[in-house]
Amino acid sequence: MQNTKESQPFVKIRGLHFSRGARKIFDGIDIDIERGKVTAIMGPSGTGKTTLLKLITRQIRPDSGTIEIDGQLINTLSHSKLYELRMRMGMLFQSGALLTDITVFENVAYPIREHTDLQESMIRRLVLLKLEAVGLRGARDLMPNELSGGMARRVALARAMALDPEIVLYDEPFTGQDPISMGILVKLIRQLNDASRLTSILVSHDVAETCQIADRIYVISDGKVVERGTPDELHASESAAVKQFIHGLPDGPVGFHFPAPPLADDILAPAKP
Amino acid sequence: MILDQLQRLGQWGIAFFERLGRAHLLLLQMLSGTFGLLRRPSLLTAQLFNLGVLSVLIITVSGLFVGMVLALQGYYVLADFGAEESLGATVAASLIRELGPVVTGLLFAGRAGSALTAEIGLMKATEQFSGLEMMAVDPVKRILTPRLIAGLISVPLLASMFSAIGVLGGSFIGVGLQGVDEGAFWSHMQSTIDLQKDIYNSLIKSFIFGFACTWIALFQGYDCVPTSEGVSRATTRTVVHSALAVLGLDFMLTAVMYGS
């Protein structure tokens, strides 16, 4: 029984549909996130990568389709069961989402204090180790408004790892990082995944960095999964959309412009009073 | 044309009741977290400090001036009838029955209510609530419930302080400057003010105003559009809605409490 569960994907998404108003974000996508692997979700801006993470963590609910996490169907999970499940998850938000009225140290200690009865000395050691891993042990007494965007995201990573989760979801972790931090972060995500036997979901549009560490990549465009495979398979893909995205080409099936009427019609149309 | 108007009216009505429903759901969620708060009183004390202690200065200074103005005006009117000994009773009854709870409610909405809305709105805009959700911490119970309970406790205490300082201000003007007999000032007050009819009703009024102002402030922050303009509008709405709620509720409560 245990073996069967272990061989199942950690996250299983089937027939996922989601719309914002009239705009379709996902049109029936299927995704498997394998245990112990780094799975990247890539795609141009506005394809709903962050929305997908919110759906996986049930911060929002899908219009239809199912999302299973470790065998539990999260669509119908009760509030308490959902919170139990979230204690096994860590999420790194694009903005960091740090609590702004407490220090870096207290931010990382926050989930430990909320969910455990550990002694203060033990909490201190744990927090310092987590901060050391992201290189910010020295910044423990700073307030979040004293950090740069990149530093805030590293603190948020330490906080996401505070309760030693089984799965970590990264939302654009490389944005705003300097080249040195970026290199360290890339290594860190891989090391954390392998050393702690984590399952990682990485949402990003940084092709080079993502390809360095991902075991499997899904490319999403126009609400559908247009390609899936290892980084090598992706580079060898014949799909025009994937080629355009991987090589950053201006022309191809993925448009740069948000849907709009032709420019000439728009410009010559009378101004609205 | 008429159909358009009707449609707009219908949309407005639906939106209004939807919002009202969300506000009540939020209230239920907040109240469901009250028992959890008993296990972590430190969350409550921090908010009692933020909402209550930090409002003491504005409340006491306002109370002092309101009491002094009441005594001045009251003295001029009462002196015409030779009834200046009743000044103490007039000042105390006005403060305890009406001005204490009402002005405290209005000042609390302006100082603490607007701050609450801005704080909660900005927490929402900067994804701090989503961050808490993902740490398996319920933001309503962890962040909003302590603030609601702190508001309920703070406002009756602040209103009592307002009235007490006001009475002192009144005695300073009446007894100290206008020369009203001190014994008459205090004994008239003592014989007129009734524990049940005045003091308890004043506490009930201020408790209800505290509840209304804090609920409005928290809901506006929690339900705001998470942008700078959205937070700014929500903060304005908090002050306007709270002021209207305090004045409207005061009329109804006065009618129930003192109407024969």
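Is it true that some residue in the stretch B:34-55 is under 26 Å from B:GLY166 (Cβ atoms) and of a type in the set (Val, Ile, Thr)?
yes
Residue under question is A:ILE112, and the condition is that it be at pLDDT 90 or above, part of a helix (DSSP H, G or I) and within 14 Å of another protein chain (Cβ to nearest Cβ); does it hold?
Values: at pLDDT 90 or above: yes; part of a helix (DSSP H, G or I): yes; within 14 Å of another protein chain (Cβ to nearest Cβ): yes.
Spelling it out, A:ILE112 is indeed at pLDDT 90 or above, part of a helix (DSSP H, G or I) and within 14 Å of another protein chain (Cβ to nearest Cβ).
Out of all the residues in the stretch B:17-30, is one or more surrounded by 14 or more Cβ atoms within 10 Å (Cβ to Cβ), among the polar types (S, T, N, Q) and modelled with pLDDT under 95? I'd like the intermediate steps shown before the answer.
As a first pass, look at the stretch B:17-30 and keep what is surrounded by 14 or more Cβ atoms within 10 Å (Cβ to Cβ): B:23, B:26-27, B:29-30.
Then keep just the ones that are among the polar types (S, T, N, Q); that gives B:29.
Remaining after also requiring modelled with pLDDT under 95: B:29.
Checked against the condition, which is being surrounded by 14 or more Cβ atoms within 10 Å (Cβ to Cβ), among the polar types (S, T, N, Q) and modelled with pLDDT under 95, the stretch B:17-30 yields at least one hit.
Answer with yes or no whether B:ILE199 is of a type in the set (Val, Ile, Thr) and within 18 Å of the chain's Cα centre (by Cα).
On the way: of a type in the set (Val, Ile, Thr): yes; within 18 Å of the chain's Cα centre (by Cα): yes.
Yes, satisfied.
Considering only residues that are part of a loop (DSSP other than H, G, I, E, B), at negative phi and not basic (Lys, Arg), which ones fall in the stretch A:29-79? Step through it out loud before you land on a result.
Of all residues in the stretch A:29-79, those part of a loop (DSSP other than H, G, I, E, B) come to A:34-37, A:43-48, A:57-63, A:70-71, A:77-78.
Among the residues that remain, those that are also at negative phi are: A:34-35, A:37, A:44-45, A:47, A:57, A:59-63, A:77-78.
Hits for the stretch A:29-79 are A:GLU34, A:PRO44, A:SER45, A:THR47, A:THR57, A:GLN59, A:ILE60, A:PRO62, A:ASP63, A:LEU77, A:SER78.
A:GLY229 - would you say it is on the phi > 0 side of the Ramachandran plot, free of Cβ contacts under 8 Å to residues at least 24 places away in the same chain and surrounded by fewer than 21 Cβ atoms within 10 Å (Cβ to Cβ)? Even if it seems obvious, please write down each step before you answer.
Numbers: on the phi > 0 side of the Ramachandran plot: yes; free of Cβ contacts under 8 Å to residues at least 24 places away in the same chain: yes; surrounded by fewer than 21 Cβ atoms within 10 Å (Cβ to Cβ): yes.
Spelling it out, A:GLY229 is indeed on the phi > 0 side of the Ramachandran plot, free of Cβ contacts under 8 Å to residues at least 24 places away in the same chain and surrounded by fewer than 21 Cβ atoms within 10 Å (Cβ to Cβ).
Filter the stretch A:187-222 for residues that are of a type in the set (A, V, I, L, M) and within 17 Å of A:LEU136 (Cβ to Cβ); which is nearest to the chain's Cα centre (by Cα)? Spell out how you get there, then give the answer.
Step one: of the stretch A:187-222, the residues of a type in the set (A, V, I, L, M) are A:188-189, A:192, A:195, A:198, A:201-203, A:207-208, A:213-214, A:217, A:219-220.
Filter again for within 17 Å of A:LEU136 (Cβ to Cβ), leaving A:188-189, A:192.
Working: A:LEU188: 15, A:ILE189: 12, A:LEU192: 15 Å.
Only one residue fits best here, namely A:ILE189.
I want to confirm something. Restricting to the stretch A:213-230 and keeping residues that are among the acidic types (Asp, Glu) and touching a strand residue (DSSP E or B) at 6+ places or on another chain (Cβ under 6 Å), which single residue is nearest to A:VAL186 (Cα to Cα)?
Let us first name the residues in the stretch A:213-230 that are among the acidic types (Asp, Glu), namely A:215, A:222, A:227.
So of that shortlist, the ones also touching a strand residue (DSSP E or B) at 6+ places or on another chain (Cβ under 6 Å) come out as A:215, A:227.
Working: A:ASP215: 13, A:GLU227: 23 Å.
Ranking the qualifying residues of the stretch A:213-230, first place goes to A:ASP215.
Of these, A:ASP117, A:ASP141, A:ASP101, which one is touching a Phe, Trp or Tyr at 6+ places or on another chain (Cβ under 8 Å) and either surrounded by fewer than 17 Cβ atoms within 10 Å (Cβ to Cβ) or without any contact (Cβ under 8 Å) to a residue 40 or more places away in the chain (or both)?
Numbers: A:ASP117 fails: touching a Phe, Trp or Tyr at 6+ places or on another chain (Cβ under 8 Å); A:ASP101 fails: touching a Phe, Trp or Tyr at 6+ places or on another chain (Cβ under 8 Å).
The unique qualifying residue is A:ASP141.
Select from the stretch A:80-109 the residues that are more than 10 Å from every other protein chain (Cβ to nearest Cβ), part of a helix (DSSP H, G or I) and touching a Lys or Arg at 6+ places or on another chain (Cβ under 9 Å) and list them in ascending order.
Within the stretch A:80-109, A:VAL104, A:PHE105, A:GLU106, A:VAL108, A:ALA109 meet the criteria.
Being charged (D, E, K, R), over 19 Å from A:PRO173 (Cβ atoms) and within 13 Å of chain B (Cβ to nearest Cβ) is the filter here, so list the residues in the stretch A:44-69 that pass it. Break it down into steps so the answer makes sense when it comes.
The first filter runs over the stretch A:44-69 and keeps only residues charged (D, E, K, R), leaving A:49, A:54, A:58, A:61, A:63, A:68.
Still in the list and also over 19 Å from A:PRO173 (Cβ atoms): A:58, A:61, A:63, A:68.
Passing the criteria: only A:ARG58.
Does the stretch A:121-131 contain any residue that is among the basic types (Lys, Arg), within 22 Å of the chain's Cα centre (by Cα) and within 12 Å of another protein chain (Cβ to nearest Cβ)? Let's see the steps before the verdict.
Our first condition is that a residue be among the basic types (Lys, Arg); within the stretch A:121-131, this holds for A:124-125, A:130.
Pick out the ones that are also within 22 Å of the chain's Cα centre (by Cα) and you get A:130.
Narrowing further to those that are within 12 Å of another protein chain (Cβ to nearest Cβ): none.
The answer is no, given that none of the residues of the stretch A:121-131 is among the basic types (Lys, Arg), within 22 Å of the chain's Cα centre (by Cα) and within 12 Å of another protein chain (Cβ to nearest Cβ).
Looking at the stretch B:123-146, can you tell me whether even one residue there is under 30 Å from A:ALA162 (Cα atoms), buried (at least 23 other Cβ atoms within 10 Å of the Cβ) and more than 14 Å from chain A (Cβ to nearest Cβ)?
Yes; the residues of the stretch B:123-146 include at least one that is under 30 Å from A:ALA162 (Cα atoms), buried (at least 23 other Cβ atoms within 10 Å of the Cβ) and more than 14 Å from chain A (Cβ to nearest Cβ).
With the structure loaded, tell me whether A:ARG153 is of a type in the set (Lys, Arg) and under 15 Å from the mean Cα position of the chain (by Cα) or whether it fails that test.
Numbers: of a type in the set (Lys, Arg): yes; under 15 Å from the mean Cα position of the chain (by Cα): yes.
Against the criterion (of a type in the set (Lys, Arg) and under 15 Å from the mean Cα position of the chain (by Cα)), A:ARG153 qualifies.
The values are calculated or read from the model by the stated rules, or taken from the named source; none is laboratory data. These numbers were taken from a predicted model, which means no experiment stands behind them. Every residue, glycine among them, receives a Cβ derived from its backbone with ideal geometry; neighbour counts consider all protein chains shown.
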